[in-house]
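K.L.:
Right, I'll just put the structure down here and ask away after.
The values are calculated or read from the model by the stated rules, or taken from the named source; none is laboratory data. Nothing here was measured: the structure is a model prediction, and the numbers come from that model. Please note: Cβ atoms are built from the backbone with ideal geometry, for glycine as well, and neighbour counts cover all protein chains shown. Areas reflect the complete protein model, heavy atoms only, side chains present, ligands, DNA and RNA absent. Shrake-Rupley method; radii C 1.70, N 1.55, O 1.52, S 1.80 Å.
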Amino acid sequence: MLPLLTSAQIREADAYTIAHEPIASINLMERASKAFVGWFINHFPDKNQSITVYCGTGNNGGDGLAIARMLDDHQYKRLNVKIAWFSDKSTDDFNINLQRLRQTAIPLSAIGKGESLPDEESDVLIVALLGTGLNKPLDGDFKRLVNYINSLHKTVVSVDVPAGLFTDGEIPPEAVVLEAGLVITFQAPKINFLLPESGPYIKCWEAVNIGIDEKFIRSLNSPYQAVEEKDIRGMIRQRSRFNNKGIYGHALIIAGQPETMGAALLSASACVYAGAGLTTACVPGSGLIALNSYMPEVMAVIRVGNEAPEIDYDKFNAVAIGPGLGKNAHAQGLLTDVLTSCKEPVVIDADGLNLLAAHKELWPQIPQNSILTPHMKEFDRLFGDHKNWWQRIQTGIEKAKELKLYILLKNAYTIILSPQGKVYFNTTGNPAMASGGMGDVLTGVIASLLAQGYAPGDACIAGAYIHGKAGDELALPNRMNVVLPGQVAARLPFTMAKLIV
């Protein structure tokens with residue numbers, strides 16, 4: 001896992017690296033700027049395009065000065081630097097880099113307090129105004145300058161973090177933040193980059209390694225972690241020659257109404273494709289033909305009218321309930337039956353979550369280490385309204401620990417909250433997957449992994465990663481604008497095969 005640090009931890013890790021590598025802070029700044037430039041020149045190779053570098057007078061501004069000097073060394077011919085001199089204070093490393101810049105021929109100008117903002121003719125703007133130390137919304141001259149840069153609609157590349165964006169914590173809704181087409185950030189993405197509130201300000205980001213002491217970073221034991229491919233390669237199990245279907249478990253998917261059989265079909269098929277040895281779907285009798293036609297590999301337990309089906313839960317290694325199930329009394333009875341009969345963790349999705357939200361008396365019956373898979377609105381129905389995603393994460397941490405459950409909160413970077421207080425950000429998936437039924441496929445994948453004997457936490461982490469990775473393999477190389485859930489389900493065996501060590 002890649003640890004994601006708060007702004008305070010970032011400063012701590014920087015200080016530790018400076019003291020124990022050891023390396024002078026100015027040389028660490030030089031290393032960070034070199035990493036930025038290395039990425040920049042590969043993606044902006046035209047050395048005749050005009051570039052303005054906007055710098056504050058802190059260390060982020062010092063990065064900007066060093067970046068300008070290095071681009072000059074790389075023969076970028078139309079550079080200029082504008083310093084936002086809105087404070088009488090400047091850092092030592094900024095001052096050193098300012099002296100170094102003055103030894104070049106790069107045009108340099110200053111914007112003083114309250115001064116009119118200069119015309120901007122450059123094609124590309126590199127902005128290094130303020131870094132990770134920001135602890136209040138922009139105001140005064142910085143607010144005015146950022147609003148001005150945003151109004152230009154230029155190609156904007158931000159150094160480390162967009163000016164005005166908090167790296168962690170709640171982003172005030174009225175905050176003024178730099179709108180960056182690209183953020184080249186140091187060492188690892190900032191936590192708020194992975195939350196939807198950053199969407200208006202960051203079109204894309206790239207993290208570059210600047211050599212911060214990784215052993216020390218891990219010793220900080222940040223609860224926030226980004227899932228990497230190597231983590232999943234260590235989880236996915238290779239099949240042995242003499243294994244049989246019994247080894248890979250039996251999953252039960254309780255889903256679907258006559259009007260919503262698609263949810264049941266997608267979830268059950270994903271369970272099969274993700275490798276469950278046996279999959280049974282508990283569906284209404286009217287859906288049996290559809291089930292047999294769509295995927296004959298899936299067995300069925302038939303629900304007749306409002307009669308409760310007789311289910312021997314002991315024969316199943318995993319149970320998932322909710323996709324397309326409905327919220328009537330019959331559905332409530334099915335959920336109650338699952339919760340009172342199953343002693344092992346279950347997966348609860350969609351209408352199963354809506355029933356939990358409406359019937360709080362069911363909560364104490366949920367088996368420990370069960371998995372809830374809400375999207376944003378379902379999360380708020382379960383745990384109350386929230387103003388932003390940071391609040392949801394904090395509530396999720398609290399509730400996962402209190403209830404001894406895993407909460408998989410769907411998002412562009414799906415968030416897995418564990419009973420141990422950890423927060424895992426999934427790093428696969430893409431907007432082409434924003435289609436009804438995609439969550440039903442994810443439920444099937446997680447149920448399949450549970451049936452195969454994966455621990456609940458691993459089933460959440462690996463399930464979300466594999467699900468998103470399958471969508472990436474379909475959408476990204478083929479430039480598909482939309483990927484359908486059934487396509488993702490069918491892709492799963494290929495995706496998982498690639499991830500086996």
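K.L.:
Return yes when Asp139 is acidic (Asp, Glu), open to solvent by 70 Å² or more (accessible area, probe 1.4 Å) and without any contact (Cβ under 8 Å) to a residue 12 or more places away in the chain and no when it is not.
P.N.:
Here the answer is yes, as Asp139 does meet what is asked.
K.L.:
Given the conditions (1) surrounded by fewer than 17 Cβ atoms within 10 Å (Cβ to Cβ); (2) in contact (Cβ under 8 Å) with a residue 60 or more places away in the chain; (3) assigned to a loop (DSSP other than H, G, I, E, B), report the number of the one that Pro189 does not fulfil.
P.N.:
Answer for Pro189: the failing condition is (1).
K.L.:
Restricting the stretch 367-382 to residues that are open to solvent by 40 Å² or more (accessible area, probe 1.4 Å) and without any contact (Cβ under 8 Å) to a residue 60 or more places away in the chain, which is nearest to Leu339 (Cα to Cα)?
P.N.:
Gln368
K.L.:
For the stretch 240-252, indicate whether the set of residues that are out of contact with any strand residue (DSSP E or B) (no Cβ under 6 Å at 6 or more places or on another chain), more than 27 Å from Ala320 (Cβ to Cβ) and open to solvent by 20 Å² or more (accessible area, probe 1.4 Å) is non-empty.
P.N.:
yes
K.L.:
Sticking with this one: Would you pick out the residues in the stretch 104-154 that are touching a Lys or Arg at 6+ places or on another chain (Cβ under 7 Å), assigned to a strand (DSSP E or B) and more than 25 Å from Lys47 (Cβ to Cβ)?
P.N.:
Once the filter is applied, which keeps residues that are touching a Lys or Arg at 6+ places or on another chain (Cβ under 7 Å), assigned to a strand (DSSP E or B) and more than 25 Å from Lys47 (Cβ to Cβ), the stretch 104-154 yields only Ile111.
K.L.:
Okay, next question. For Asn317, which of the numbered conditions (1) in contact with a strand residue (DSSP E or B) (Cβ under 6 Å, 6 or more places away or on another chain); (2) surrounded by fewer than 18 Cβ atoms within 10 Å (Cβ to Cβ); (3) not hydrophobic (A, V, I, L, M, F, W, C) fails to hold?
P.N.:
(2)
K.L.:
Could you check the stretch 4-103 for helices (runs of 4 or more DSSP H) lying wholly inside it with 2 or more residues that are farther than 19 Å from Glu214 by Cβ and more than 32 Å from the chain's Cα centre (by Cα)?
P.N.:
59-73, 92-101
K.L.:
Within the stretch 330-366, restricting attention to residues that are touching a residue at least 24 places away in the same chain (Cβ under 8 Å) and among the acidic types (Asp, Glu), which residue is least open to solvent (accessible area, probe 1.4 Å)?
P.N.:
Asp349
K.L.:
From Val272, Val298, Val283, which residue is closer than 17 Å to Ala459 by Cα and either of a type outside the set (Lys, Arg) or free of Cβ contacts under 8 Å to residues at least 24 places away in the same chain (or both)?
P.N.:
Answer to the check: Val272.
K.L.:
Then there is this: Within the stretch 318-325, identify whether any single residue is in a helix (DSSP H, G or I) and in contact with a helix residue (DSSP H, G or I) (Cβ under 8 Å, 6 or more places away or on another chain), and answer yes or no.
P.N.:
No, the stretch 318-325 contains no residue that is in a helix (DSSP H, G or I) and in contact with a helix residue (DSSP H, G or I) (Cβ under 8 Å, 6 or more places away or on another chain).
K.L.:
Can you spot a residue in the stretch 365-378 that is assigned to a helix (DSSP H, G or I), farther than 25 Å from Pro493 by Cβ and acidic (Asp, Glu)?
P.N.:
yes
K.L.:
Pairs needed: first member in the stretch 213-227, under 20 Å from Ile415 (Cβ atoms); second member anywhere, open to solvent by less than 20 Å² (accessible area, probe 1.4 Å) and of a type in the set (Phe, Trp, Tyr); C-beta distance under 8 Å; at least 6 residues apart or different chains.
P.N.:
Tyr224/Phe425; Gln225/Phe425; Ala226/Phe425; Val227/Phe425; Val227/Tyr465
K.L.:
Could you list all residues from the stretch 393-427 that are without any contact (Cβ under 8 Å) to a residue 60 or more places away in the chain, open to solvent by 10 Å² or more (accessible area, probe 1.4 Å) and either in contact with a Phe, Trp or Tyr (Cβ under 7 Å, 6 or more places away or on another chain) or not hydroxyl-bearing (Ser, Thr, Tyr) (or both)?
P.N.:
Result: Gln394, Thr395, Glu398, Lys399, Lys401, Glu402, Leu403, Lys404, Lys410, Pro419, Gln420.
K.L.:
A follow-up question, please. Looking at (1) touching a Pro at 6+ places or on another chain (Cβ under 9 Å); (2) in a loop (DSSP other than H, G, I, E, B); (3) over 25 Å from Lys422 (Cα atoms), can you tell me which one Val183 breaks?
P.N.:
(2)
K.L.:
Looking only at the stretch 172-186, which residues are open to solvent by less than 10 Å² (accessible area, probe 1.4 Å) and either at positive phi or β-branched (Val, Ile, Thr) (or both)?
P.N.:
Selection gives Val177, Val183, Ile184, Thr185.
K.L.:
Does Asp160 meet the test of being touching a Gly at 6+ places or on another chain (Cβ under 6 Å), at pLDDT 95 or above and buried (at least 23 other Cβ atoms within 10 Å of the Cβ)?
P.N.:
In short, yes.
K.L.:
Given (1) open to solvent by 30 Å² or more (accessible area, probe 1.4 Å); (2) in contact with a strand residue (DSSP E or B) (Cβ under 9 Å, 6 or more places away or on another chain), where does Ser219 come up short, assuming only one miss?
P.N.:
Unmet condition: (2).
K.L.:
Quick test of your reading of the structure: Leu134 fulfils all but one of (1) modelled with pLDDT under 95; (2) over 16 Å from Ser158 (Cβ atoms). Name the failing condition by number.
P.N.:
The failed condition is (2).
K.L.:
Scan the stretch 54-69 and tell me whether some residue there is more than 30 Å from Ile416 (Cβ to Cβ), open to solvent by 10 Å² or more (accessible area, probe 1.4 Å), β-branched (Val, Ile, Thr) and touching a residue at least 24 places away in the same chain (Cβ under 8 Å).
P.N.:
Yes.
K.L.:
Let me ask another. Pairs, please: C-beta under 7 Å, at least 6 apart or cross-chain, first residue of a type outside the set (A, V, I, L, M, F, W, C) and open to solvent by 20 Å² or more (accessible area, probe 1.4 Å) and in the stretch 21-45, second modelled with pLDDT of 95 or more and assigned to a helix (DSSP H, G or I)?
P.N.:
These pairs meet every condition: Ser25/Ile18; Ser25/Asp93; Glu30/Ala66; Lys34/Met70.
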